[in-house]
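*Asks:* Please see the structure below; I have some questions.
Taken together, the values in this text are just the output of simple stated rules run on the coordinates, not laboratory data. From a predicted model like this one, the values you see are computed outputs, not experimental measurements. Cβ sites come from the backbone with ideal geometry, for glycine too, and all protein chains shown count toward neighbours.
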Amino acid sequence: MRTALIVTAACLLAACNGGATLDYKSTLDGRPDVLDPSLNPDHPAFVGACDFGYSYDGFGGTRLEAGREDEEVGYDRDRVKPYEALAGEYARVLGKPAPALLGQLSSTFGSTPARWFVEPAATAVSMYSAMRVAFVGCLDFTNSAEFDQAPNQDSATAKCAAFARRFWNRTADVDEVQACVDVAVSGTNSESQPRRKWAYACSAVLSSAPFLTF
């Protein structure tokens, strides 16, 4: 079984120049009143900051945001979707309940106990499992007369573009579409059933980074 992982880089344009503008708040006296921003040693002396918020005193007078990095806009992107969100995501894009296989792989995808949080991370095992779940879902998704003809360059180009638009909520670029086409046309030579050929192409898109991350 040949799989394809389509990885894209997110690019976000902003009209501001980064940095933080914080109004200093003190809770030591029980009144979270906004004080003079100049009391905040991190208050920038330039215009055009992107993020605005407040600074608070914590225990011992330590500001709660002390030690935190102020990253540029768009830095915190391409984060792996948590397991708890995947069932809804598969159902949303496939138009059917999430594959039952997903429920058997909760530990693989990093399901966390109640009231705990662990930042999800992709691993070789989770990516393989994502491909398995996607293939099961795509077998059901392509189980119609629409996929009775084996894919060729033209039909695969159209279908792969449609898969990407449906699963990623955006238009795939030429290289992304071609990666899916390669799976459909040349990567499924050992398959004799057209619907399974399409399922492999479908699952290549459904198990890729643009779907599994946000």
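*Asks:* Under a point spin-label approximation (7 Å from Cα along Cα-to-Cβ), what is the Lys81-Ser186 distance to one decimal in nm?
*Replies:* 3.0
*Asks:* Here is a further query. Sum up the charges of everything whose Cβ sits under 10 Å from the Cβ of Ala156, counting Lys and Arg as +1 and Asp and Glu as -1, but leave Ala156 out.
*Replies:* Working: positive: Lys159, Lys197; negative: Asp154, Asp182.
My count for the surroundings of Ala156 gives 0.
*Asks:* Taking the simple approach of a point 7 Å from Cα along Cα-to-Cβ for both Glu146 and Arg92, what is their distance in nm?
*Replies:* 2.0
*Asks:* Which whole number in µm²/s is D for the stretch 83-212 by Stokes-Einstein, with the Kirkwood Rh taken over Cα pairs at 25 °C and 0.890 mPa s?
*Replies:* Working: Rh = 15.1 Å.
Calculated translational D: 162 µm²/s.
*Asks:* At 7 Å along Cα-to-Cβ for each site, give me the label-to-label distance between Asn169 and Arg115 in nm.
*Replies:* About 3.1 nm separates the two model spin labels.
*Asks:* Further, regarding this structure: Do any chymotrypsin sites (Phe, Trp or Tyr not before Pro) in the stretch 111-198 lie in a loop, going by DSSP, with at most 16 other beta-carbon atoms within 10 Å of their beta carbon, and if so which? Walk me through the numbers on the way to the answer.
*Replies:* Details: sites: Trp116, Phe117, Tyr128, Phe135, Phe141, Phe147, Phe163, Phe167, Trp168, Trp198; in loops: Trp116, Phe117.
Taking the stretch 111-198 and a limit of 16 other Cβ atoms within 10 Å, the loop chymotrypsin sites (Phe, Trp or Tyr not before Pro) found are Trp116, Phe117.
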